[in-house]
Amino acid sequence: MRKPLIAGNWKMHKTLVEARELVGGIVEGVGKLDARGGVEVLICTPYTLLFPIAKAVAKTPVMFGAQNVHEESQGAFTGEVSVAMLKDTGCTHVIVGHSERRHVFGEKNDRLAKKVRAVVEAGLTAIYCVGETLDEREAGRTREVIESQMGEVIGPDVPADRLVVAYEPVWAIGTGKTASPEQAQEVHEWIRASLAGTYDRATADRVRILYGGSVKPGNAADLLSLPDVDGALVGGACLVASDFIAIISAAVATVPA
Ligand code: 13P
């Protein structure tokens, strides 16, 4: 049984004062949920917030992570942050290959393969994002795109227990459009089949695959109840504590008592 993971991607939002207020609301809300230890909660904040967030979530069940990392361990890479620097903060997870990294910052599969390895070799968990654009979906290329994003980045040398995959259709991110439950389940099955080819079926069945793209309190229950959807990667709705908590509650409701 895969434990649901609800991850918030704060993107480039929140100053220190704002972040303290948001994380306070999240910690309080999670504390009130009867989570039965059955759901993991993660927030991925801007780099500047990692140290203060570490303090704010210490001794709570809320985990924290980063949204990106540089693939090299150190060097003349102005403006970049290494995985060792992330480890210093005590964070546990790093998002790799978010669609904004791919499409706004031009990161390609070969580079993302290095980033995933930098993360897992440091003992952190990579949340590796895949997803097709609207043009690719309309051209009937969704499966091909997902398979190359998986196959060119995830190999048997990536320890499966340090890997989470997130399916985020680019056309659903920040648009208010969500993949239908059928569309989401279909792609999640393709991702799990790709993992089974890379590892084996039993290992693939242990890897969590999150859905992301306009997840809101109103659609979370439908998405999270799908057999191959093991959680959510939430953008806009994670910036409002009550909405994020409502999505976590929807995940808690999927866990058998
Ligand atoms: P939205 O939930 O705002 O669509 O963002 C999704 C996302 O990109 C999470 O990483």
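Couple of notes before you dig in:
- Segment 9-45, subset touching a helix residue (DSSP H, G or I) at 6+ places or on another chain (Cβ under 7 Å) and closer than 16 Å to D230 by Cβ, residue nearest to the ligand (Cβ to nearest atom): V41
- If the condition is being away from the ligand (no atom under 16 Å from the Cβ), closer than 26 Å to A232 by Cβ, open to solvent by 50 Å² or more (accessible area, probe 1.4 Å) and not in a helix (DSSP H, G or I), then segment 80-107 contributes only T92.
- The helices (runs of 4 or more DSSP H) found entirely in segment 159-257 that carry 1 or more residues being among the basic types (K, R) and open to solvent by less than 40 Å² (accessible area, probe 1.4 Å) are 181-198.
- Against the conditions (1) more than 16 Å from the ligand (Cβ to nearest atom); (2) open to solvent by less than 30 Å² (accessible area, probe 1.4 Å), K114 satisfies every one except (2).
- Segment 44-79: number of residues that are in contact (Cβ under 8 Å) with a residue 12 or more places away in the chain, open to solvent by 40 Å² or more (accessible area, probe 1.4 Å), outside any helix (DSSP H, G or I) and of a type in the set (F, W, Y): 0
- Scope segment 221-257; condition in contact with a Pro (Cβ under 7 Å, 6 or more places away or on another chain), over 19 Å from D205 (Cα atoms) and either away from the ligand (no atom under 15 Å from the Cβ) or not hydrophobic (A, V, I, L, M, F, W, C) (or both); matching residues: D222, D243
Yes/no per residue for (1) under 20 Å from V39 (Cβ atoms); (2) within 11 Å of the ligand (Cβ to nearest atom); (3) in contact with a Phe, Trp or Tyr (Cβ under 6 Å, 6 or more places away or on another chain); (4) of a type in the set (A, V, I, L, M):
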position	(1), (2), (3), (4)
D157	no, no, no, no
L163	yes, no, no, yes
A166	yes, yes, no, yes
T175	no, yes, no, no
T178	no, yes, no, no
G197	no, no, no, no
R206	yes, no, no, no
P217	yes, no, no, no
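The values are calculated or read from the model by the stated rules, or taken from the named source; none is laboratory data. Given the structure is predicted, the values throughout are model-derived calculations rather than measurements. Cβ: placed from backbone, ideal geometry, glycine included. Neighbour counts: every protein chain shown. The protein model used for the area step is the full one, side chains on, heavy atoms only, and it has no ligands, DNA or RNA in it. Shrake-Rupley method; radii C 1.70, N 1.55, O 1.52, S 1.80 Å.
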